[in-house]
Amino acid sequence: MYTHINVPIGIDGISSVCYSPDSTKPYLAVGTNTGRLRLFNCSAQNEPLCVYRSRWHKSIRGLAFFPSAPNLLLSTSSHSGIKIHDMETQKRVWLSLKAHGHVPISAVIVTDENQWATGDENGTVQLWDRRQPGPRIVIERKDEEQPSELVFSTINDLAVGSNCTKWLYAATDDGCLAVYNLRRRRLDVLSDTLGYSARSVAVVHGGKYIVVGTEEGVLCQFTLNEFETCSERFSLRPDARSPHGHTTIEKIVAITDNLLAVASDDGCIHAINVMPNRYLGLVGRHRNLQSPDVTSSGDCMDLSVNSDCTLLASGCPAIQTVCFWPLAQWTTTSCNASNFKRKKRTALLDPVQQDYMSGLLSNTNCQVPESEGRSGDDSDSDDDVINSDSE
C-alpha cells in the first residue's frame with residue numbers, strides 16, 4: 001500500500017485535497033498554494049497516477065466533487081473565483097471570477113447534486129446552483145444589537161447535516177457555531193462564544209451531533225436544535241502540546257458516523273470516537289518526507305476520506321507531499337468503543353458503612369458499586385476516556 005505521493009511543482013505546498021465520492025473512479029484532487037491542480041487515480045494497491053494537470057486559479061482554497069456527478073470538480077480561490085471543470089472532457093463548465101466581490105473565499109461545501117455553499121473572510125455565506133450564473137442566496141451576518149451593522153468574521157469551515165437542504169453549519173473565526181436555515185434563507189442561531197477561534201466543524205450520528213474544533217485544541221459538541229450552548233467539551237490528549245502551550249485544531253472530518261479524524265497544527269492526525277467521547281490514538285504525523293528530521297508546521301492542514309472509508313489523505317501548505325493513512329484499525333477500534341459497556345466494579349463495605357447501611361440493604365455483606373463505596377477511586381472504564389466537561 002502506498003503511503004505518500006510527492007507533487008513536484010516548484011515550492012508549492014498542498015492547500016486542498018478531496019477524494020471523489022465515486023468508488024468506481026477513485027480519484028484524488030490536489031490543489032496547491034499557487035492555483036495548480038493535479039488529479040490522481042488512486043486505484044487499490046497501485047501507485048497513484050496523475051491523469052490531469054492544469055492551473056486553475058492564483059491560489060486554490062477549496063475543492064469538492066458533486067455526489068451525483070463525480071466527474072464535476074468544483075474549485076474556489078483566495079481571489080474569490082469559483083470554477084467547475086468536467087474531468088472527463090477536461091473542460092470548464094461553470095465560472096464566476098468574482099463570486100464574493102473582492103473578498104477571499106475561505107470555505108466551500110457541496111450541499112446536493114446541483115448546489116453548493118461558500119463562505120468568505122467577511123463572514124458572508126452564499127448558496128449557489130450550477131444551473132444559474134449567480135448566487136441563489138446571500139446571507140450576511142448582522143449585529144444583534146444594531147441590525148444595520150454587519151459583523152465581519154471569517155468563515156473557517158462549513159458542514160451540512162443529514163438534511164442537506166435545511167441546515168448549514170459554519171465555524172467562525174470569532175469562536176462561534178453559526179447555524180444557517182437554507183429554507184428560510186437566514187442565520188437562525190449563533191452559539192455562545194467558545195473562547196477561541198472555531199477552526200473546523202463536522203456532523204456525526206446522522207446529524208444529531210455537531211462537533212466544532214477550536215484554536216484552543218478543544219472539541220465542542222452541540223446537539224441538534226440545541227445550538228446556543230455546547231453540551232460537551234473534550235480536548236485532545238494533554239501530552240499533545242505545541243510550543244505556544246496548546247494544540248490548535250486545524251481540520252475535522254467524519255470517517256464514520258461516530259469516528260472523527262482531527263488534524264492539529266503540530267502536524268499530527270488524531271482518531272476520536274464520539275458518543276462515548278474517547279481519544280483512540282494517533283493516526284500519524286504529516287511530515288516532509290524529503291526532510292524527515294525537520295519538524296514542519298501543520299497549519300491549515302486539509303483532510304479527505306475516500307468513498308469506502310478505508311483511506312485518509314492529508315495535505316499541508318508547508319509541504320509538497322500528500323500522505324495516506326489506512327483506517328481499518330481505527331474503524332474497528334471505534335466500533336469496540338461504541339459497543340463498550342461500563343464494568344460494575346464492586347467493593348465490600350467496611351464495618352462503619354455496614355452499620356450505617358443496616359436496614360437499607362438486605363445483606364450487609366453484599367457488594368455495592370465502588371463509585372459509591374470509594375468515592376476517591378475511578379472506574380477502570382474511565383482509563384481511556386478523554387477529558388470532558390458537561391455543560
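All of 141, 183, 130 fail the test of being in the same structural domain as residue 271 (by TED's automatic domain parsing), loosely packed, with under 14 Cβ neighbours inside 10 Å and either closer than 21 Å to residue 76 by Cβ or of a type outside the set (Phe, Trp, Tyr) (or both), apart from 183.
Looking across the range 62-120, just one residue is farther than 21 Å from residue 28 by Cα, among the charged types (D, E, K, R) and either surrounded by 14 or more Cβ atoms within 10 Å (Cβ to Cβ) or touching a residue at least 60 places away in the same chain (Cβ under 8 Å) (or both), and that is 120. Quick one: in the range 145-171, of everything that is in contact with a strand residue (DSSP E or B) (Cβ under 8 Å, 6 or more places away or on another chain) and over 22 Å from residue 253 (Cβ atoms), which residue is modelled with the lowest pLDDT? Once the filter is applied, the top-ranked residue is 148.
Just name the residue that is modelled with the lowest pLDDT out of those in the range 33-59 that are hydrophobic (A, V, I, L, M, F, W, C) and assigned to a loop (DSSP other than H, G, I, E, B). So, considering only residues that are hydrophobic (A, V, I, L, M, F, W, C) and assigned to a loop (DSSP other than H, G, I, E, B), the one modelled with the lowest pLDDT is 44.
Strands (runs of 3 or more DSSP E) fully within the range 75-155 that include at least 3 residues being out of contact with any Pro (no Cβ under 8 Å at 6 or more places or on another chain) and within 30 Å of residue 196 (Cα to Cα): 105-110, 115-120, 137-139. Restrict the check to the range 18-29 and report whether at least one residue is part of a strand (DSSP E or B), crowded, with 22+ Cβ neighbours inside 10 Å and among the aliphatic types (A, V, I, L, M). Yes. Check off (1) surrounded by fewer than 20 Cβ atoms within 10 Å (Cβ to Cβ); (2) touching a residue at least 24 places away in the same chain (Cβ under 8 Å) for residue 196 and give me the number that stays unchecked. Condition (2) is where residue 196 drops out. Note down all Cβ pairs under 7 Å where the first residue falls in the range 284-309 and is of a type in the set (Ser, Thr, Tyr), the second is modelled with pLDDT of 90 or more and not in a loop (DSSP other than H, G, I, E, B), and they're at least six residues apart or on different chains. Correct list of pairs: 304/17; 304/18; 304/19; 304/253; 304/313; 307/19. Among the residues of the range 240-266, those that are touching a Lys or Arg at 6+ places or on another chain (Cβ under 7 Å) and modelled with pLDDT of 90 or more comprise 248, 249, 250, 263. Given the condition of a type in the set (Gly, Ala, Ser), crowded, with 24+ Cβ neighbours inside 10 Å and either under 27 Å from residue 316 (Cβ atoms) or in the same structural domain as residue 325 (by TED's automatic domain parsing) (or both), answer yes or no: does some residue in the range 160-173 qualify? There is at least one residue in the range 160-173 that is of a type in the set (Gly, Ala, Ser), crowded, with 24+ Cβ neighbours inside 10 Å and either under 27 Å from residue 316 (Cβ atoms) or in the same structural domain as residue 325 (by TED's automatic domain parsing) (or both).
The values are calculated or read from the model by the stated rules, or taken from the named source; none is laboratory data. This is a predicted model, so every value here is computed, not measured. Quick reminder, even Gly has a Cβ in these numbers, built from the backbone with ideal geometry, and neighbours come from all protein chains shown.
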